[in-house]
Amino acid sequence: MKGFFVVGTDTDVGKTVVTAGIAAALRARGLACVPCKPVQSGVAKSPAEGDVGFLLEACGNPIEPELANVYSFKTPVTPSVAAKKEGVEIDRRKIGESVAALGKEYEWVIVEGAGGLLAPIGANWSNAEMAFDLGLPLVLVARAGLGTINHTLLTVQAARDRGLAIAGIVLNGARKDGKDVSEESNAAEIAARTNVPIVGTIPWLPEISVEKRQSAGLAAAIERFVNIDRLLENQPQAPARVAQDDLRHLWHPFTQALEWEQEPPLVIERGDGVYLWDIHGKRYIDGCSSLWANVHGHRRAEIDRAIREQLGRVAHSTLLGLTHEPAVELARRLLQIAPEGLTRVFYSDDGSTAVEVALKMAYQYWKNRGEDRRTFLSFENAYHGDTVGAVSVGGMDLFHGAFAGLLFKTLRVPYPEKENYLDNFAFIAKEKEKEIAAVIVEPMAQGASGMRLMVGNAMKEIREICDKHGILLIADEVAVGFGRTGKMFACEHDGVTPDFLCLAKGITGGYLPLAATLTKEDIFRAFRAPFAEKKTFFHGHTYSGNPLACAAAIASLDCFEKDRTLEKLQPKIALLAEMLAPLKAHPHVKHLRQRGFLAGIELVKDKEKRVEYAMDERIGAKICRRAREHGVLLRPLGNTLVLMPPLSIEETDLRALVSALIRSLQEVCGS
Ligand SMILES: *Cc1c(COP(=O)(O)O)cnc(C)c1O
C-alpha cells in the first residue's frame, strides 16, 4: 500500500484540507487514490458529517463514508476520552484492517490522523502508533504562523523517536486573521533544523476551507502551493533493493549461503510487542524471541525511553579507568537479584565473551594463588558461544568440529539428562581435582543442543561435588537466565550459587549487546594486589558496560517488577505444556522437552523403527519455513524445533504460535 499518514502538530492546523488536497491532486493525476479518516470526534450525526464527508467530497465521493471511517464520536474531545465517554473501545487492529482493505482497492491511500501526533487514540497509543501500524510515511501539517517552530520541531523529534518516516512538512495558513510576519521565515528555519523538506506553504484560502465545504478546485489549489512531486519521491525504498544488496554484501551467521540464496530473504522492518513485520507488511509472531534475547516485547516504551534518555547524555564512555552511573546501577541491581554470595560484576559484550571472561578468570585465579590448573570440565553437547575459548568447552560436533585443531583440551562428561549420569562427573572431578580450574555448565537445560533437560537436583549435586574437590563452578545462564525457566535464574531451582554466573542474551530485554560475568568476593580479591605482582585481570572490551546497553538492562529489570513478569509467566508455562502435550503421541515426535518457557520438539522420521531424519533432509528448517506462511518466526536446532517466545506474550498469541507450529509440523511431516 502506498500513501501518506497526514498528522498535525496540533489540532485545527488544517490537516483535513491537506489530506483532501493530496488525495484530490493524485486523483487528478490519474492515480487510484482514496482519502480516509479512521477516527474522528466532535461529529454530531453520521460519519459523513465530519471531516470524512469533506475528504470524500473533495474526491468526488469515490466510496461510502462508512468505508473511510471506523470510529466517529459525538463528543468533541480527544478520541480516547470520547470513546470512553460513549462506551466504545477503539480496536487498533480493526483500524489497520480497514485501511488495508482500502489499500487493496486503491494504489494510494491518504490517511488523516485524529489531531496532533501524540493525541491519544487508545489507552496507551496515539496517532503515532496508528501511523506505525499502517507503515505509511507522515505528512506533517503545521500552522504557518507564530509558534510553529517549537511545535514542529517537537513533533518531528517525536516521530523520529518512534521510527516514523516523514515525507514532508506542509505549513498551512489555517488562521483567518491575516498573515503574521513569522510566516516568511518559518519554513527556512524548520527545514534547516529538521532536515525534512517543507513541501509547501498554503496561504489562507476561503474557497478551500472545511467550513465552506467547497472542494471544487482543491486539487488545483494544492498543486499550486504544495510540491506534490517532491512528496511522492519520499515513499519508502523498494524492498527488492534490500534483498538484492543482502545477497551481494552480507555473510550471515550460522548460515549456509547456498541455501540462503535459494529464495528471497525475509526482510524485517519493524516490531511491536511479540510481533515483527516484514517490508511487505506481513506480520509474524516472534516465536524465538529474536534468538532467545527478547523478554518484554519489541518497542517496549520504558526500554525505548531509557535508551533515548541515556543517548541524550552520552552513548559510550569506557570502563577502563573511568566509570559511569548506568554500569554501577545495573551492577547493584543484578547483584540484588542474583544468587546469594555473588558480589562483583564484570561486563563484556555477548554470551561468548561472558564465558571467555569466566574461563580466563578461573584459570588466572589459580595462578594468582600459586596453583597451576590447566583444564576445564565440560559437558557433552554443551554450547557456550563461538569464540575459541568458548568453543573449546563446547561439545557440539556440528558447530565445533571444524575447529578441533585450534582448541585447548578439556575433560568432558555426559550432561545429567538421566539418573546416575553424574557418576562419571563425580569420578573425574575426584581423579583430576588438582588439574581442573573450573566446571562449566548450562544449568537446568542445554539450549543449543536442543533443550536437553537436567534431571533431579543435578545442579545441586554438581555444586556439592565441586565444593568437595575445591573446583570452581561456572554457570552459563546466557540462554536460561532472565526468566526463561520460570525463575529469574536457573540456578535458583536448586538454590545453587555458582562461582561465576554468565549472563547475556536477555539481559537488555533483547535490545542491545551486553554481557555480565558475576563472581564472588574471594575470587575478586585473588586479583587485588600491588601492580608489580602481575595479578591484574588483563581483559576487557572496548564497549564493556556500554551505557546505552546498561540503561536498557536497568529498564528491563524495572519491567520485570512492574509487569510482575515471572508471576504472570506461570500460567503461560502451564498453557504451553497443555498445548504441546498431544505431540507426545505424534508419530514424528521423538521427544518433547519443556522447562519453564523453553520447549524443544525433537523429530524422528520413523518412531517405531527408530529412523532419524538425515541431516540433508533439513526437516527442522522446512517446518520453520512453513511456519512463516502461518505467521510465525521460528529457528530450529537441527531436527529439534524450538519454542522460546518473549515472556510477555499474551495467551491468545501463545495459542496462535503453538497452533501454527503444530500445523506446520503436520503439513511438512504428515501425521
Ligand atoms: C547463545 C549462547 C552463548 C553465546 O552467546 P552469544 O551472545 O551468541 O555470544 C553462550 N552460552 C549459551 C548457553 C548460549 O545459549
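Can you confirm whether the stretch 416-429 contains a residue that is among the hydroxyl-bearing types (Ser, Thr, Tyr), out of contact with any helix residue (DSSP H, G or I) (no Cβ under 6 Å at 6 or more places or on another chain) and within 16 Å of the ligand (Cβ to nearest atom)? Checking the stretch 416-429: not a single residue is among the hydroxyl-bearing types (Ser, Thr, Tyr), out of contact with any helix residue (DSSP H, G or I) (no Cβ under 6 Å at 6 or more places or on another chain) and within 16 Å of the ligand (Cβ to nearest atom). The set of residues in the stretch 516-539 that are more than 16 Å from the ligand (Cβ to nearest atom), of a type in the set (Val, Ile, Thr) and touching a residue at least 40 places away in the same chain (Cβ under 8 Å) comprises THR519, ILE523.
Tallying residues that are open to solvent by less than 20 Å² (accessible area, probe 1.4 Å) and away from the ligand (no atom under 12 Å from the Cβ) within the stretch 502-515 yields 1. Within the stretch 280-302, the residues that satisfy the criterion of being under 21 Å from ALA128 (Cα atoms) and within 11 Å of the chain's Cα centre (by Cα) are HIS296, GLY297, HIS298, ARG299, ARG300.
Is it the case, given these coordinates, that ARG333 is among the charged types (D, E, K, R) and either within 16 Å of the ligand (Cβ to nearest atom) or not in a strand (DSSP E or B) (or both)? For ARG333, the condition - among the charged types (D, E, K, R) and either within 16 Å of the ligand (Cβ to nearest atom) or not in a strand (DSSP E or B) (or both) - is met.
Each residue in the stretch 638-671 was checked for being closer than 13 Å to GLY600 by Cα, in a loop (DSSP other than H, G, I, E, B) and out of contact with any strand residue (DSSP E or B) (no Cβ under 8 Å at 6 or more places or on another chain), and 1 of them qualify. Determine if the stretch 440-447 includes at least one residue that is within 12 Å of the ligand (Cβ to nearest atom), in contact (Cβ under 8 Å) with a residue 60 or more places away in the chain, crowded, with 22+ Cβ neighbours inside 10 Å and among the small types (Gly, Ala, Ser). Within the stretch 440-447 (the criterion being within 12 Å of the ligand (Cβ to nearest atom), in contact (Cβ under 8 Å) with a residue 60 or more places away in the chain, crowded, with 22+ Cβ neighbours inside 10 Å and among the small types (Gly, Ala, Ser)), the answer is yes, since at least one residue qualifies. Being under 27 Å from VAL388 (Cβ atoms), touching a Cys at 6+ places or on another chain (Cβ under 6 Å) and surrounded by 14 or more Cβ atoms within 10 Å (Cβ to Cβ) is a description that applies to VAL355.
Restricting the search to the stretch 373-403, which residues are away from the ligand (no atom under 12 Å from the Cβ), open to solvent by 30 Å² or more (accessible area, probe 1.4 Å) and either touching a Ser or Thr at 6+ places or on another chain (Cβ under 9 Å) or at pLDDT below 95 (or both)? Answer for the stretch 373-403, where residues must be away from the ligand (no atom under 12 Å from the Cβ), open to solvent by 30 Å² or more (accessible area, probe 1.4 Å) and either touching a Ser or Thr at 6+ places or on another chain (Cβ under 9 Å) or at pLDDT below 95 (or both): ARG374, GLU380, ASP397, LEU398, GLY401, ALA402, PHE403. Checking each residue in the stretch 143-162 for being of a type outside the set (A, V, I, L, M, F, W, C), over 23 Å from the mean Cα position of the chain (by Cα) and outside any loop (DSSP other than H, G, I, E, B) picks out ARG143, THR148, ASN150, HIS151, THR152, THR155. Note on the stretch 10-39: among residues that are surrounded by 24 or more Cβ atoms within 10 Å (Cβ to Cβ) and polar (S, T, N, Q), the one that is farthest from the chain's Cα centre (by Cα) is THR16. Of the helices (runs of 4 or more DSSP H) entirely within the stretch 73-142, those holding at least 3 residues that are without any contact (Cβ under 8 Å) to a residue 40 or more places away in the chain occupy 79-85, 92-105.
The values are calculated or read from the model by the stated rules, or taken from the named source; none is laboratory data. The shown structure was predicted, so the numbers you read here are calculated from the model rather than taken from an experiment. So basically every Cβ, Gly included, is an ideal-geometry build from the backbone, and we count neighbours across all protein chains shown. All accessible areas refer to the heavy atoms of the entire protein, side chains included, with ligands and DNA or RNA removed. Shrake-Rupley method; radii C 1.70, N 1.55, O 1.52, S 1.80 Å.
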